[in-house]
Structures are given as structure tokens and as C-alpha cells.
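Accompanying notes for the structure given below.
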Amino acid sequence: MDKIDFEKYMENIPKPNIEEGRVESFERMDNDDIWKIVSENLRMVLDKVEYKSLFADTYLERIDNGVATFSCTSEFKRGLIQNDYKNLLQRCLLKATGQNLQIDFFIKSSIEEKGKESRYQFLNTGSQNIDLFSASENEKKKYQDALTYSKLNPKYTFETFVVGSHNRLAEAVAHAVVKDLGRAYNPVFFYGNTGVGKTHLMQAIGNQLLKESPDKKVVYVSIEQFLNEMIEAIRTKRNEDFRSKYREVDLLMIDDVQFVETLPKTQEELFHTFNTLYHANKQILLASDRPPKEIRNITDRLRSRFEGGMVADIQMPDYETRIAILKQGVLEKRAKVPEEFIDLIAKNIDSSVRELEGSLNKVITLMLLGEKITSEDVLKILDVDIESKRIKITPQKIIKSVSNVFDVPIADIKGGRRTSYMALARQVAMYLLRKELDLPLERVAKEVNRKDHTTVIHAYKQISKRMEKDSRFAEKIDLCMREITQQ
């Protein structure tokens, strides 16, 4: 069933257990009866995949002292429901019981849940269990099990990933990976600033693959978790279990891989895991806040593996794409947000998609309080976010500050003259553009009218070395930064 308007639907839900003109006390109702009412209401509001991924193996265990206690099968699922679906669940409970109950969860193992599942089975004359689930239901259950094992967030899909000029290449690569796993592009290395959608796109690949092929073995992990599991395996002498987990997969996704630069032992393990998967034509996805060339203190052999497939950057979305992202968020939350509020958020928040979505959530929350808010109220919310950031830095401000401090006209910084002093000022501009704004190499080169991005890499290294050796030169760089923040 398609999603419907939650508010209108909840108003028309019949009261539970109406008998002879009166509502029976929920205290006389069986927990399964209450959960049946609640789950049916959830089905009416959520789409099928969303309901199945979150509530198919969730059960109401008891109601006691104003608390409804549920069981589910994973910590990941519990966190997702409590963070994103708690209010919806409470309101469905309110309609079913007439009580404003608090929500609590605990984790049950699959063995403990067998008793719950047995209600869907019966014995035939040969005393063999007959599964009442259809083949389709079994496939869905297989998908849910694979989703739980992979540690993927079911909310991260291609459908909810907004595509614009800033991420079009990365999104095309992602679809190619699903279509031809391990062969189209392998490995794939996504990089970009924090909050631009790298994790969303990686997990969308995993979710789509499992929907199409639930038998595939998919694992998503951060480099920190990879390290922690490796340390625990060494401590408990279960190295082979650790290696089997990460080397016997169809798709391995590792996030925040830039942190491997401080972990030499992890680099070694990652290198061997990489080789095992690559030679078996298994897919490898990596995500980082910078390209492989700029991850320091990693071995050349590991860096070459990172660069051996497709390296795709994801930049910050432009204004039009930010509008589309916000409208997608409004649609997902089934909220009504005036166009002028969406425009204000898009114009004022351009540092990350994550901050964009966070600002939208603040506005929606304020609207749900029942108060009539104005554009001025929205601006106050956004001002809190903006004040917590450093003064906005633009490429123009950086180039202007270098021009002032080094006494070189902007036209010469962007021009073709190659005297040593002008070349130095130009290198400083490229260094600051890269360091302070984390712009892609090609964009930095474009800002100073250079065609080859390797010039930017060379400039960054040269300025870094000179700052370490020449304190007076380092002071001039600091002076540039002070000018930038004062403009």
C-alpha cells in the first residue's frame, strides 16, 4: 500500500475493542492483540520495505508501569526505531490503548525469536513443519537477515539520493557497480568533504544489491570498527574468524579510510584483505574525505591499490540541488514546509548536506510545536548554526589576501607570468584554497587559471615544506589567514 497522510489516517482509526458501545480497557487486551492493531496502523503509514525492514520481527512483549517494552533482533534496528520512529510508534500505541506510553526495547537472539515465528507454522499429518510464508515472504526475510548482517541503514537508497552536477559521476559509477559487481569498476574510491553524501551513496549500493540478490554477502564497516575488530581478534586469538568475515564477501565497503594513515598494522591487514578480494573479483568500495594522493603515511603499495580503479569526488551541492535535497527531506518526513523557509535554508546552509538536513529538522520541529513561525524565526534558527561556524571563506577572499600580503596583483596570480616570486604567491594561493576549503584539485587549478591539477599537488607539498623550514614564511601564511577571516 502506498504511503498516506499520517494525520488524516490517525484521526479515522477506530477505537480498539468496541463492545456494546464501550471501549474495553487495554489492560484486558492481550499484548499480541495490541501489537496487531499498532502494526496494522504502521503498515498503513509506512511503505512495505520500510515496514518490513524495521517492524517485521519486532514484538510487543509487555506493558507495565506506563512503559511499552518491545523486542527486536539487532542493536542497529533498535537505534533506528528509537531515533526516527519513536514518536510514530507512541502515537499508534496511544490510538490502540488510550494511554500515552513510554517506549523501551531490548534485543532478542534469533533462537529466542523462534517461539514467535512458530505461530506462522503448523504440523501436517507427517509431523513436518509447513512454512506458511510464501516464496516472496521468504525472500523478504532473507533480505532482512542479509541487511542485519551487513550493518546497512535501509533508509540509504538510490531513491532518496538527490543527484546534481556535484555528484553525477559518482552516482553513475554506483549504478554501474550494482549492475556488474566486481567488474565494472574495482575498487571504487569516493572522496569529498564531510556530509556530502559519501556514506549514503555507498550504502545505497549495498541496499540495492541485497534487494536484487539477497544471497550476496555484503559488509559495511568504518575503518575504526575494522581496527577494533582486528585488535579483539588478536586478543582472543580468533584471527581466522576476523579474516573470514572480511575476505569471504561479495561486497566490502570501508568508510573513513583516511584514518588508516595513523594505523600501520591496520594498513597491513587492509592490504592483504584488498588483494584477496580483488583477485577473486569481489567488489571493494572505499570512502574518504580526501583523494588517495593526499592520505599521508600510507605505503605506496596500498596507495596504488586505492588508485587502481575508479576515483570519484563528490562536491558540495549547488543552490538548486540543495533545494531538491530539502524538498526530498520534506517529502520523506511527510511535513508541510513553506517554500520561503526552504529557500532560506538553501541560501544560508552550504557547508554540508548533513547540516542542511539538520537545519530542516529544526524548522519542522518548531512547526510541530503548534506555533506559527515566521521567516525571522527561521533565520534565528539558522543564525545559531552559522555563528557556530567560522567566518565564511571563499576562493575570492583567499586570493585577495595572498595578493595583499605578498604584494602581487590578482591578475598576476591568475596570469601566466612565471617570475619566482609570482610563482610563489600563486603556490600559496593554491595551498590555502586546498587546505582551507578542501576544494577538489581540478577546482583549485581552475581558480588560478591552471589546467593541470598536478600543479596543485606540487604547490601544496612545496608550501608545506617551506613552512616547516622557514618560520618567517610561515608567519606570512598566518597573516594571510588573519586577513581572510577579517574580510
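Show me the three semi-axes of the equivalent ellipsoid for region 319-373, from the C-alpha gyration tensor (sqrt of 5 times each eigenvalue), largest first, rounded to whole Å. Don't skip to the answer; put the middle values down first.
Values: eigenvalues 62, 24, 21 Å².
Sorted largest first and rounded, they come to 18, 11, 10 Å.
Which trypsin sites (Lys or Arg not before Pro) from region 159-233 combine a DSSP loop assignment with at most 14 other Cβ atoms within 10 Å? Walk me through the numbers on the way to the answer.
Numbers: sites: Arg168, Lys179, Arg183, Lys198, Lys211, Lys216, Lys217; in loops: Arg183, Lys216, Lys217.
Those satisfying the criteria are Arg183.
Let a ≥ b ≥ c be the square roots of the eigenvalues of the Cα gyration tensor of region 251-294; is it rounded (a/c under 1.5), or, if not, prolate (a/b larger than b/c) or oblate? It would help to have the intermediate numbers written out before the result.
On the way: a/c = 2.27, a/b = 1.40, b/c = 1.63.
Since a/c reaches 1.5 but b/c is at least a/b, the shape of region 251-294 is classed as oblate.
Would you mind checking the pairs Lys155/Lys327; Lys451/Lys476; Lys198/Lys400; Lys95/Lys151 and listing those with alpha carbons more than 23 angstrom apart? Working shown, then result.
Working: Lys155/Lys327 16 Å; Lys451/Lys476 27 Å; Lys198/Lys400 32 Å; Lys95/Lys151 33 Å.
The pairs that break the limit, which is 23 Å between Cα atoms, are Lys451/Lys476; Lys198/Lys400; Lys95/Lys151.
Assuming 0.36 nm per residue, please report the length gained on full extension of the stretch Ser471 to Leu331 beyond their Cα-Cα distance. Working shown, then result.
Numbers: separation 140, 0.36 × 140 = 50.40 nm, distance 5.40 nm.
Answer, rounded to one decimal: 45.0 nm.
Is the shape of region 206-265 best called rounded, prolate or oblate, per the rule: a/c under 1.5 gives rounded, else a/b larger than b/c gives prolate, else oblate, with a ≥ b ≥ c the square roots of the Cα gyration tensor eigenvalues? Write out the running numbers ahead of the final one.
On the way: a/c = 3.32, a/b = 1.50, b/c = 2.21.
Cα axes put region 206-265 in the oblate bin.
Run the 1.4 Å probe and let me know the accessible area of Ser244, rounded to the nearest 10 Å².
40 Å²
So what are the ³J(HN,Hα) numbers for region 241-249, from phi and the Karplus equation (6.51, -1.76, 1.60; θ = phi - 60°), rounded to whole Hz, Gly and Pro as x?
5, 4, 5, 5, 4, 9, 10, 10, 10
When the dipole is taken about the Cα centre of region 288-410, and only Lys, Arg (+1) and Asp, Glu (-1) are charged at their Cβ, what size is it in debye, to the nearest 20? Spell out each step's value before the answer.
Details: 21 positive and 21 negative charges, 93 e Å.
Rounded to the nearest 20 debye, it is 440 debye.
Using the Cα centre of region 272-315 as origin and beta-carbon charges of +1 (Lys, Arg) and -1 (Asp, Glu), tell me which of Asn281, Ile314, Pro291 is placed farthest towards the positive end of the dipole.
Asn281
Taking region 63-95, which chymotrypsin sites (Phe, Trp or Tyr not before Pro) meet the DSSP loop condition and have no more than 15 other C-beta atoms within 10 Å? Mind showing how you got there, number by number?
Values: sites: Phe70, Phe76, Tyr85; in loops: none.
Passing sites in region 63-95 do not exist.
Dipole size in debye (nearest 20) for region 395-485 around its Cα centre, Lys and Arg Cβ +1, Asp and Glu Cβ -1? Spell out each step's value before the answer.
On the way: 19 positive and 12 negative charges, 50 e Å.
Computed about the Cα centre, the dipole is about 240 debye.
Grab the Cα-Cα distance for His279 and Lys237, subtract it from 0.36 nm times how many residues apart they are, and report the gain in nm with one decimal. Intermediate results must be reported in sequence, preceding the final value.
Values: separation 42, 0.36 × 42 = 15.12 nm, distance 2.66 nm.
Residue separation times 0.36 nm, minus the Cα-Cα distance, leaves 12.5 nm.
Apply 1/(1 + (r/R0)^6) to the Cβ-Cβ distance of Lys461 and Arg43, taking R0 = 60 Å, and write down the FRET efficiency to the nearest 0.05. Intermediate results must be reported in sequence, preceding the final value.
Details: r = 58 Å, r/R0 = 0.97.
Calculated value: 0.55.
Return the sequence-ordered ³J(HN,Hα) values of region 333-339 in whole Hz as given by the Karplus equation 6.51 cos²θ - 1.76 cosθ + 1.60 applied to θ = phi - 60°, using x for Gly and Pro.
8, 6, 9, 10, 10, x, 4
Work out the length of the dipole vector of region 319-373 about its Cα centre, built from +1 on the beta-carbon of each Lys and Arg and -1 on the beta-carbon of each Asp and Glu, and round it to the nearest 20 debye. Kindly include the intermediate steps, with their values, before the conclusion.
Details: 9 positive and 9 negative charges, 41 e Å.
Charge dipole, region 319-373, about its Cα centre: 200 debye, nearest 20.
The values are calculated or read from the model by the stated rules, or taken from the named source; none is laboratory data. Keep in mind that this is a model prediction, so the values were computed, not measured. We place every Cβ from the backbone using ideal geometry, glycine too, and count neighbours over all the protein chains shown. Areas reflect the complete protein model, heavy atoms only, side chains present, ligands, DNA and RNA absent. Shrake-Rupley method; radii C 1.70, N 1.55, O 1.52, S 1.80 Å.
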